[in-house]
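As structure tokens, the structure follows; a few thoughts come after it.
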Amino acid sequence: MYYLGIDIAKHNHVASLIDSDGKVVIKTIKFNNNSEGYEKLISLVMTAVSSDNNNDCIDGDGDKDKIAIAMEATGHYWLSLFSALIDDGFSVSVYNPFQIKSFRGAFHNRKQKTDVIDAIIIANYIRTFGGNATALPSEALMSLKQLTRYRSDLVKNISATKNQVIAILDKIFPEFSSLLSDTFGSTGKAILANAPTPEAVLTYNSKKLLNLITKASKGRLKQDFVDRLKLVAKNSFGIKLTTKACAFELGRVNIKLPYAFSAVYSPLVVDKILVCLWANGEFHLLDWRKNVSKIRIAHLC
């Protein structure tokens, strides 16, 4: 039996091949994380195994059964190589880096750490403890995890953008948040996009401001709200310094808000996640909000 340990990196991997006695057959195979690099790895390993067994068949399936492959789950960089090896019929075990780290101290007590040493340690780990072949989750579950991570990133971006807006308003228009139940509702976003400072509110045409607010609020807010907004703007306790700079920053930030909101709640994102929920066979095709907790669980898997 032969054991191939692979130290994973972003662009280049390092592999080492040992036999069942721990003897190093190939100390170092450095190869790129691409098709050419993969072909190099397979060619060198299969040739070494065939030669060691005095076998003329270099690429036989029989030799593949004699090779146990191990690698660490380093970020997402291992996925391409893992998929290629699985597709070619190899048995591959993927380990948590902490498992290998705990073994490294017992196997190699020197503080020196190199890719070659790591590859040999990984190979010896599977030789010593054995390992079950790792299988990728279903495509539906992987798609679900990918989309929920994407949505999670969007939510974080929205939170950061909101905090940026609030920090600016606290300086120049601290009363603004008390005017509306939701600063970032349709009415709040409309006002911030057109008149983000007290000075801008006061100089904005009253009729146009009324039309803007009435349309954004779908008729709920009318002239009395416009009058209150102007009164609050007139008596605002916000700083008068750097208002132009803050207004400019608000304008730049507000450009991001509509996209961020539409992206996180876009039908495309929601539909794809719901399709994955349904295809995976674990959840029913229900309303988005009823599945939020399940989607969070899937994100943590």
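P174 satisfies every condition listed in (1) in contact with a helix residue (DSSP H, G or I) (Cβ under 9 Å, 6 or more places away or on another chain); (2) assigned by TED's automatic domain parsing to the domain that holds L250; (3) not in a helix (DSSP H, G or I) except (1).
So that you can scan it fast, the table gives a plain yes or no per residue for (1) touching a Cys at 6+ places or on another chain (Cβ under 9 Å); (2) part of a loop (DSSP other than H, G, I, E, B); (3) surrounded by fewer than 13 Cβ atoms within 10 Å (Cβ to Cβ):
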position	(1), (2), (3)
G219	no, yes, yes
D227	no, no, yes
V232	no, no, no
I239	yes, yes, no
K244	no, no, yes
E249	no, no, no
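If you go through region 226-242 and pick out every residue that is closer than 21 Å to L212 by Cα, of a type in the set (A, V, I, L, M) and touching a residue at least 12 places away in the same chain (Cβ under 8 Å), you end up with 4.
Exactly one condition in (1) within 25 Å of N32 (Cβ to Cβ); (2) out of contact with any strand residue (DSSP E or B) (no Cβ under 6 Å at 6 or more places or on another chain) is not met by I172; state its number. Against the list (1) within 25 Å of N32 (Cβ to Cβ); (2) out of contact with any strand residue (DSSP E or B) (no Cβ under 6 Å at 6 or more places or on another chain), I172 comes up short only on (1).
Taking L179 as the residue in question, decide whether it is more than 15 Å from V232 (Cα to Cα), assigned by TED's automatic domain parsing to the domain that holds K244 and not small (G, A, S). The answer is no for L179.
Inside region 10-43, residues that are acidic (D, E) and under 19 Å from L85 (Cα atoms) make up a count of 2. Mind listing just one residue for me: the one in region 1-49 that is more than 35 Å from the chain's Cα centre (by Cα), among the hydrophobic types (A, V, I, L, M, F, W, C) and assigned to a strand (DSSP E or B) and, of those, surrounded by the fewest Cβ atoms within 10 Å (Cβ to Cβ)? The extreme case among them is V24. For region 50-63, a residue qualifies if it is in a helix (DSSP H, G or I) and modelled with pLDDT under 75, and the qualifying residues are D52, D61, G62.
The values are calculated or read from the model by the stated rules, or taken from the named source; none is laboratory data. Because the structure is predicted, anything quoted here is derived from the model rather than measured. Note that we place each Cβ from the backbone using ideal geometry, even for glycine, and neighbour counts take in every protein chain shown.
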